[in-house]
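Student: Dropping the structure in here first, questions after.
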Amino acid sequence: MNERVRGAGGTSGGIGIFLVGLAMAVAGGWLLTNQVTVTSGYWHWGGYNSFGLSLIPLIAGIAVLFFNGRSVIGWLLTLCGAIIIVAGIITNLEIYFRPTSLFNTLMMLALLAGGIGLVGRSLKAR
């Protein structure tokens, strides 16, 4: 049998280039995300804390499901309540890039972009 050994993604692009690119992309991504600080603010609506208000559909849906586990309304309320809570958490995040030198920033971005480029190159057939 004369089967050719395939590289990354089943192409002839090369597994070595793929691994180097993956390592670069992971290192650049890790360094970049390591410079980010994430905090959260308070849920306000009309000047009042509104997190409790976002729990109402979830609690109502859970109550309906305890009464009737096959209730479509109960499942919809529970799902919508969970989506509202997750969306509220995400929209109240504050993301800051911590101060760093221009050299460090360029190195992080070059590693990330170069790694993604090498991974893409390795997946392309020669």
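Student: Kindly list, by first and then second residue, each pair from a residue in the stretch 51-76 that is assigned by TED's automatic domain parsing to the domain that holds residue 87 to a residue that is among the hydroxyl-bearing types (Ser, Thr, Tyr) and in a helix (DSSP H, G or I), limited to pairs with Cβ atoms under 9 Å and residues at least 6 apart or on different chains.
Tutor: 57/78; 58/78; 60/78; 61/78; 62/78; 64/78; 65/78
Student: Determine whether the stretch 84-91 contains at least one residue that is surrounded by 13 or more Cβ atoms within 10 Å (Cβ to Cβ) and out of contact with any helix residue (DSSP H, G or I) (no Cβ under 9 Å at 6 or more places or on another chain).
Tutor: yes
Student: Just to be sure before I move on: is residue 61 more than 29 Å from residue 120 (Cβ to Cβ) and exposed (fewer than 12 other Cβ atoms within 10 Å of the Cβ) in the structure I sent? Break it down into steps so the answer makes sense when it comes.
Tutor: Details: more than 29 Å from residue 120 (Cβ to Cβ): yes; exposed (fewer than 12 other Cβ atoms within 10 Å of the Cβ): no.
In short, no.
The values are calculated or read from the model by the stated rules, or taken from the named source; none is laboratory data. Since the model is a prediction, treat every value here as computed from it, not as a measurement. Cβ atoms come from the backbone with ideal geometry, glycine included; neighbour counts cover every protein chain shown.
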